[in-house]
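Any read-out appearing in this document is the output of simple, stated calculations on the displayed coordinates, not a laboratory observation. A quick note: this is a predicted structure, and the numbers were derived from the prediction, not measured. Every residue, glycine as well, gets a Cβ built from its backbone with ideal geometry; the counts of neighbours run over all protein chains shown.
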Amino acid sequence: MSREAWEHIVCTHKDGIYESHYLKANSPDGTQGLWIKHNLLRPRKNDGIGEFWVILFEKGRTPQVAKRIVSWPHLSLDNKSIRIQTQGISLQPSHAEGSIADIEWNLELTDSTPPLLHFPWDWMYTAGFPKKKAISPAPNLLFNGSITVGDTKIEINDWVGLRGHNWGTEHAHTYAYGNCHIWKDKQQRTVDGFSAKIRMLGLIQSPFLSTIVSRSPDVQLNRPTHWLGGARVTPTSWEFKHGPHSLKMTTELSDYVGLRYAHPDGKESYCYNTKFAKVEWTVGAELFTSEMGELEVLFPTPITGVPLHPSPDWSPEKGDYGG
């Protein structure tokens, strides 16, 4: 599948889904991280909304979070490309800018590498199964520009990350997702993957279904024969093993930001993310390590000890959320 195959906004022609276009990056020195999420929620009934988040991570400090909800009529969405615009927030493949609460960003985005595909066949991106679709259209993205928090301006010079795109009729029941771009050996390398449990019938859940894809070295563990590889997910770790390959990511609760995630049917799940996970990526006899991995886990019930955003007393009528 080419990069262009899913370079459009899916929910412009499909309802009953959520959709996320997100940016993540780490500073080259490993002290800071960035996460900007452009989430679209379009239920089968009632108008949809756009949820826009910007989160700045700094080692040893509580993540800074800002959120805005925009009603569907105020969203400008391109049905043939990646172009989202609303109330001063915009995303396109080469540029992202916006301002929410007291956080403002203006970023140039550069990537010429092919997308990473989490599924091996094109039909899996159009069929009803899997329910959750995922692709990384720009898996080795360079960020340049600036972020301003209050009166403090942060220059963004060659931060490294990705632009991701996922959508589906519901969030997975439980999942772990991870990627890494900056490594201790200073070599350019990307690993990206997830393990997820989905609802099968009623309350029945699948076992963890996993895919891992990487470049340098090139590895594709994304076929059905790989899906049931050994995966283990805890609140602070994700491990996956298949044959001579294994990926292990671990973090501390104090490095997480916790977000409330809405489903198209109105239910809620709880997402936890860090840009400072420790990574061990084993490919045969080779071991690659990092302390700048992105680890994200989602559960149907909250993790004790990690504050959730937005706070329960916030509503969109109060304006932007900042916390």
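Overview of values
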| read-out | value |
| --- | --- |
| Where the Cα pairs of segment 1-152 fall when distances are cut into 5 Å bins, in % | 2, 8, 17, 21, 19, 16, 10, 5, 1, 0 |
| Amide H partners (placed H, <5 Å) of residue 154, local residues excluded | 147, 148, 149 |
| Ellipticity estimate at 222 nm from DSSP helix runs (n ≥ 4, -39,500 (n - 2.57)) divided over the chain, nearest 500 | 0 deg cm²/dmol |
| Residues 296, 291, sorted so that the one with the fewest Cβ neighbours within 10 Å comes first | 291, 296 |
| Cα Rg, Dmax, segment 76-175, angstrom units | 16.0, 49 |
| Straight-distance crosslink candidates among lysines, where the alpha carbon sits under 23 Å from residue 14 and sequence neighbours closer than 8 are dropped | 37, 45, 80, 131, 132, 133, 267 |
| Sequence-separation-based contact order of segment 1-160, relative, with Cα cut under 8 Å and 6+ spacing, percent | 18 |
| Expected-Rg normalisation [2.2 N^0.38 Å, Cα atoms] applied to segment 167-247 | 1.18 |
| All-pairs Cα distance distribution in segment 198-309, expressed in whole percent, bin size 5 Å | 2, 10, 18, 20, 19, 16, 10, 4, 1, 0 |
| Residue exposure sequence - 315, 146 - by fewest surrounding Cβ within 10 Å | 315, 146 |
| Along each principal axis, Cα extent of segment 46-119, largest first, Å | 41, 37, 26 |
| Relative contact order (percent, whole number), the chain, Cα cutoff 8 Å, 6+ residue spacing | 16 |
